[in-house]
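**Student:** Quick one: the structure is below, and I'll ask about it shortly.
Read the figures in this text as sums done on the coordinates, not as results from a lab. These numbers were taken from a predicted model, which means no experiment stands behind them. No Cβ is skipped: glycine too gets one built from the backbone with ideal geometry, and neighbour counts run over all protein chains shown.
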Amino acid sequence: MYFQAEAAVAASQLQIYGAMGFGTIIGWLVYYINRYRTGDVQFSDLATVIGIIGGAAILALFPEGTDLFGGYGVGLFIGFFSYFIVLNLQVARSKKFFVEWFLDGRSKKLADDEMSRNQSAELGGGGTAMGDHGGSGGRE
């Protein structure tokens with residue numbers, strides 16, 4: 001019994017750009033989710049990321065070895081690293097944060113008329129627009 005390889009169907013530019021766009025969104029979200037994690041990094045987190053990048057659902061949408069899968073991979077790269085670049089640009093422009101913030105969350109001391117996210121939430125401010133992240137990733 002021999003298996004015949006399926007004839008590869010050429011993907012249109014629109015399909016490739018769609019795959020890149022989908023990959024960009026997934027890459028952005030993977031960085032965002034890892035940035036706002038509340039617990040320690042575990043081995044299962046790596047398995048989750050591998051599942052996102054090359055899981056069965058993704059391979060069903062973008063078959064391995066096709067232009068669509070290549071576009072998805074390029075999109076993942078763009079999304080993941082563009083999040084990091086945008087974050088760097090925001091920290092560089094800010095007078096309140098510096099590079100150490102990436103390492104351990106350090107930032108400059110709040111002024112007397114400023115309050116942290118946690119203080120704002122305690123007063124009924126609700127934290128951030130994305131919800132309270134338990135004190136992770138911000139100026140506390």
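**Student:** Using 7 Å Cα-to-Cβ label points, what is the ILE52/PHE84 separation (nm, one decimal)?
**Tutor:** Reported label-point gap for ILE52 and PHE84 is 1.4 nm.
**Student:** Considering every pair of different Cα atoms, what Kirkwood radius, in Å, is found for segment 13-93?
**Tutor:** Its Kirkwood hydrodynamic radius stands at 13.4 Å.
**Student:** Based on other C-beta atoms within 10 Å, arrange ASP112, ASP67 from fewest to most.
**Tutor:** Starting with the residue having the fewest Cβ neighbours, the order is ASP112, ASP67.
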